[in-house]
Amino acid sequence: MTTKFHQPLGGNEVPRFGGIATMMRLPHIQSAEDKQQLDAAFVGVPLDIGASLRSGSRFGPRDIRANSVLIRPYNMATGAAPFDSINVADIGDVAINTFNLLDAVRIIEEAYDEILRFGIRPLTLGGDHTVTLPILRAMRKKYGKVGLIHVDAHADVNDEMFGEKIAHGTTFRRAVEEDLLDCPRVVQIGLRATSYGADDFNWGRRQGFRVVQAEECWHQSLAPLMAEVREQVSGGPVYLSFDIDGIDPAFAPGTGTPEIGGLTTIQGMEIVRGCLGLDLVGTDLMEVSPPYDTTGSTSILAANLLYEMLCVLPGVKHQ
């Protein structure tokens, strides 16, 4: 019997400006029975109370979905045909506590415990980068320690922010302390700008991370870098966490902490496409803040990067 996979709603069936705003106009799946049939799923986490400067990423998941309507099923550059290969749907948003960050973190972890119990590989629409910590906690219980490819302008390894141990800038220090990461298989790409301490980026290096600062990426293709990254992080489960501020604000102004001198959209795609062949157990796209981008270009970019992430998941066929 031929397996029938979920398909995005086409623009010739219902106009792209009509219908329910799901990611790529995929079916919205809610029941446990239907989730059991999924290989991967888009899930939103509309949290921004962990952000330290500009809020608004709570509106990220909805705006990314709204701007995903133009994306078509087949990747003409890579030959990926995800909707002919694996079963994908949009399973909606995690119902976070918008007044209590620590409770929200608990809720997110429990939600991802459930998602992973179904064997789903989640593609997360953020939300500020606090969200990645509870996801990694859930990943640890399911897969053990994971390798990590982290694209960001910031290392997010602060010990605390305003006296708090949990915030969007502390995520990966907590992840190391909680033994969630296989540190020799961690790569951070795109770090740049200024810091409160001269040693900021070296904390990760001391843990065994490979840290690729933005200046090392300027004016060149990142395909050779990603060949090295694949070799470093292969051999086990890998998580991809992509903060949209890793991209230069000329392309992605709608974010909470923009930093000049960042990656281009092409380099962002090279990083994601360079993950092909890895055992990606989940991905996220964080820190899109639509109120700071009235054109929608940041959310359009985010939607396309999430699609590219889908295209490199294990099991996706390439024509």
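The values are calculated or read from the model by the stated rules, or taken from the named source; none is laboratory data. Just so you know, these numbers come straight off a predicted model, no measurement behind them. Note that each Cβ is placed from the backbone with ideal geometry, even for glycine, and that neighbours are counted across all protein chains shown. SASA here: full protein model, heavy atoms, side chains in, ligands and nucleic acids out. Shrake-Rupley method; radii C 1.70, N 1.55, O 1.52, S 1.80 Å.
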Rank these by accessible area, largest first, 1.4 Å probe: Thr294, Thr130, Thr257, Thr264.
-> Thr294, Thr264, Thr257, Thr130
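What 222 nm value per residue comes from the helices of the chain, counting each DSSP H run with n ≥ 4 as -39,500 (n - 2.57) and dividing by all residues, nearest 500 deg cm²/dmol? Walk me through the intermediate numbers first.
Details: 9 runs with 88 residues, N = 319.
Helices in the chain give a 222 nm mean residue ellipticity of -8000 deg cm²/dmol.
For a Förster distance of 30 Å, can you work out the FRET efficiency between the beta-carbons of Lys141 and Thr294, rounded to the nearest 0.05? Mind showing how you got there, number by number?
Numbers: r = 41 Å, r/R0 = 1.36.
Rounded to the nearest 0.05, the efficiency is 0.15.
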Could you give the length gained on full extension between Phe99 and Arg206, defined as 0.36 nm per residue of separation minus the Cα-Cα distance, in nm?
-> 35.0 nm
Under the Debye formula (equal points on every Cα, no solvent term), log10 I(q)/I(0) of region 6-78 at q = 0.21 Å⁻¹ = -1.01
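Rounded to a whole number, what is D in µm²/s for region 177-319 from Stokes-Einstein with the Kirkwood radius over alpha-carbon pairs (25 °C, 0.890 mPa s)? Please list the in-between numbers first.
Details: Rh = 15.9 Å.
Rounded to a whole number, D works out at 154 µm²/s.
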5 Å-binned pair-distance histogram of region 140-197 (Cα, whole percent) = 4, 18, 25, 25, 18, 8, 2, 0
Between region 14-29 and region 97-158, the Cα center-to-center distance that results, in Å = 25 Å
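Where does region 112-219 land on Rg(C-alpha)/(2.2 N^0.38 Å)?
Numbers: Rg = 14.2 Å, N = 108, 2.2 N^0.38 = 13.0 Å.
Normalised Cα radius of gyration, region 112-219: 1.09.
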Using alpha carbon centroids, what distance separates region 269-319 and region 169-246, in Å?
-> 17 Å
Normalised Cα Rg of region 1-139, dividing by 2.2 N^0.38 Å with N its residue count, works out at 1.10
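Using a Förster distance of 30 angstrom, determine the FRET efficiency expected from the C-beta separation of Glu178 and Phe118, and round it to 0.05.
Values: r = 24 Å, r/R0 = 0.80.
Working from the Cβ atoms, E equals 0.80.
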Each label sits 7 Å from Cα toward the beta-carbon; between Glu228 and Lys165 the label points are separated, in nm, by 3.5 nm
Return one number: the angle in degrees, 0 to 90 and rounded to the nearest 10, between the long axis of the Cα atoms of helix 223-233 and the longest principal axis of the Cα atoms of the chain.
-> 80 degrees
Using alpha-carbon coordinates, inclination of helix 132-143 to the longest axis of the chain, degrees | 70 degrees
According to a simple spin-label model (label point 7 Å from Cα along Cα-to-Cβ), what is the distance in nm between Gln36 and Leu53?
-> 4.8 nm
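Work out, step by step, the length gained on full extension between Val14 and Arg106: first 0.36 nm times the residue separation, then minus their alpha carbon distance; give nm to one decimal.
Details: separation 92, 0.36 × 92 = 33.12 nm, distance 3.85 nm.
Gain in length upon complete extension: 29.3 nm.
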Average the reciprocal distances over every distinct pair of alpha-carbons in region 23-312, invert the result, and give the Kirkwood radius in Å.
-> 18.5 Å
Nearest 10, in degrees from 0 to 90: the angle of helix 101-117 to the longest Cα principal axis of the chain is 50 degrees
Once Lys and Arg are counted +1 and Asp and Glu -1 for all other residues with Cβ under 13 Å from that of Ser289, the total becomes -4
